[in-house]
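Q: Supplied in structure tokens, the structure appears directly below.
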Amino acid sequence: MKETIISVKHLVKVYKMGDMEVHALRGLTMDVHKSDFVAIMGKSGSGKSTFMNIIGCLDVPTKGEYMLDGVDIGKMNKDQLAHLRNIKIGFVFQSFNLLSRTSALENVELPLMYNNKISSKEMKNRSIRALESVGLADRAHHMPNQMSGGEQQRVAIARALVNDPVVILADEPTGNLDTRTSVEVMSIFQQLNTRGITVVIVTHEPDIAAYTDRNISFRDGRIQKDILVEKPRSAAAELLSMPVLTEEETI
């Protein structure tokens with residue numbers, strides 16, 4: 001049986017807005033296993049973003065249980081959660097969230113700066129390896145404004161990888177990208193997943209979800225569908241059939 005990375009049971013999240021209560025999650029129960037590639041889908045207000053915030057340790061549930069890689073999140077304080085989030089989770093965002101006046105290499109190094117057990121030499125070596133894994137070793141010293149949107153997102157993926165997390169959480173990672181660049185990014189996620197890395201993405205695009213192994217649809221704070229994708233689309237194969245854009249067209 002595959003190792004369980006994320007396990008939630010009867011997860012409830014209620015937001016209070018004045019005298020009103022908004023039920024964002026209504027008793028979710030599900031598991032994500034090691035090397036799963038999962039797409040979380042749903043319309044605005046379905047609860048998918050709230051769910052990602054909770055499994056990313058950015059928010060806590062009102063009720064229910066959340067276990068991350070065997071650790072009971074409900075028993076941790078804010079400092080413990082911050083430490084766990086840094087070493088266990090890699091985040092990729094729609095807007096890249098790169099520091100504009102910092103090189104690609106320095107952006108990737110950021111999560112390692114919270115670990116005083118790592119030397120500056122090891123920090124640099126690990127960051128270079130992470131950039132190599134997304135095909136950007138030759139762009140290590142470029143600034144974000146010298147890179148295309150796809151390259152910036154690859155830097156963000158390298159930053160998510162650098163701490164060797166147990167799971168990568170990606171929130172609409174192709175939302176700001178054109179079609180070809182979106183396929184390139186999904187190809188990288190597929191490559192990482194074949195290496196055994198667990199990936200969970202939020203997307204509203206069925207075409208993007210088709211590259212994953214499992215599609216979970218949310219509606220009104222509940223799981224509406226949870227299906228295995230019988231034959232995920234191959235991003236690498238699609239790239240071979242697509243025209244290559246010039247550098248001016250990609251920036």
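Q: Do you know which residues across the stretch 16-36 are over 16 Å from residue 47 (Cα atoms) and more than 16 Å from the chain's Cα centre (by Cα)?
A: 17, 18, 19, 20, 31
Q: I'd like to check something: does the stretch 94-101 contain any residue that is under 30 Å from residue 206 (Cβ atoms) and touching a strand residue (DSSP E or B) at 6+ places or on another chain (Cβ under 9 Å)? Don't jump to the end; show me each part of the working.
A: Here is the first cut: in the stretch 94-101, the ones under 30 Å from residue 206 (Cβ atoms) are 94-98.
Next cut, touching a strand residue (DSSP E or B) at 6+ places or on another chain (Cβ under 9 Å) only: 94, 97.
Yes.
Q: Taking the stretch 30-59, which residues are assigned to a strand (DSSP E or B) and without any contact (Cβ under 8 Å) to a residue 40 or more places away in the chain? Talk me through it step by step, then tell me what you get.
A: Filtering the stretch 30-59 for residues assigned to a strand (DSSP E or B) gives 30-33, 37-41.
Result: 31, single match.
Q: Same structure, new question: Within the stretch 71-101, work out how many residues are in a loop (DSSP other than H, G, I, E, B) and in contact (Cβ under 8 Å) with a residue 40 or more places away in the chain. Walk me through it before giving the result.
A: Applying the first criterion (in a loop (DSSP other than H, G, I, E, B)) to the stretch 71-101 yields 76-77, 94-101.
Add one more test, that the residue is in contact (Cβ under 8 Å) with a residue 40 or more places away in the chain, and what stays is 94-101.
Residues meeting the conditions: 8.
Q: Of all residues in the stretch 3-41 being at pLDDT 95 or above and among the small types (Gly, Ala, Ser), which is farthest from residue 202 (Cα to Cα)?
A: Per the criteria, the residue is 27.
Q: To continue, here is another question. Check 112, 105 and return the single one that is at pLDDT 95 or above, buried (at least 16 other Cβ atoms within 10 Å of the Cβ) and either in contact with a strand residue (DSSP E or B) (Cβ under 6 Å, 6 or more places away or on another chain) or part of a helix (DSSP H, G or I) (or both). Explain how you work it out, then say what you get.
A: Working: 112 fails: at pLDDT 95 or above.
Every option except 105 fails the conditions.
Q: Here's something else I'd like to know. Kindly provide the set of residues from the stretch 1-24 that are part of a strand (DSSP E or B) and more than 17 Å from residue 67 (Cα to Cα), ordered by number. Show your work before the answer.
A: Taking the stretch 1-24 first, the residues part of a strand (DSSP E or B) are 4-17, 20-24.
Within the stretch 1-24, 14, 15, 16, 17, 20, 21, 22, 23, 24 qualify.
Q: Which of the residues that make up the stretch 60-70 are under 30 Å from residue 186 (Cα atoms) and part of a strand (DSSP E or B)?
A: Answer for the stretch 60-70, where residues must be under 30 Å from residue 186 (Cα atoms) and part of a strand (DSSP E or B): 66, 67, 68.
Q: Looking at this structure, is residue 125 farther than 30 Å from residue 220 by Cα, free of Cβ contacts under 8 Å to residues at least 24 places away in the same chain and either in contact with a Phe, Trp or Tyr (Cβ under 6 Å, 6 or more places away or on another chain) or part of a helix (DSSP H, G or I) (or both)?
A: Values: farther than 30 Å from residue 220 by Cα: yes; free of Cβ contacts under 8 Å to residues at least 24 places away in the same chain: yes; either in contact with a Phe, Trp or Tyr (Cβ under 6 Å, 6 or more places away or on another chain) or part of a helix (DSSP H, G or I) (or both): yes.
Against the criterion (farther than 30 Å from residue 220 by Cα, free of Cβ contacts under 8 Å to residues at least 24 places away in the same chain and either in contact with a Phe, Trp or Tyr (Cβ under 6 Å, 6 or more places away or on another chain) or part of a helix (DSSP H, G or I) (or both)), residue 125 qualifies.
Q: Further question: Would you please name the residue that is surrounded by the most Cβ atoms within 10 Å (Cβ to Cβ), looking only at residues in the stretch 32-87 that are within 17 Å of residue 10 (Cα to Cα) and of a type in the set (Asp, Glu)?
A: 59
Q: Could you pull out every one of the helices (runs of 4 or more DSSP H) wholly within the stretch 145-251 that has 3 or more residues that are within 30 Å of residue 103 (Cβ to Cβ) and touching a residue at least 24 places away in the same chain (Cβ under 8 Å)? Steps first, answer last, please.
A: Working: elements: 149-161, 179-194, 206-209, 235-240, 247-250.
It comes to 149-161, 179-194, 235-240.
The values are calculated or read from the model by the stated rules, or taken from the named source; none is laboratory data. Here the structure is a predicted model, which means the values were calculated and not measured. Cβ atoms come from the backbone with ideal geometry, glycine included; neighbour counts cover every protein chain shown.
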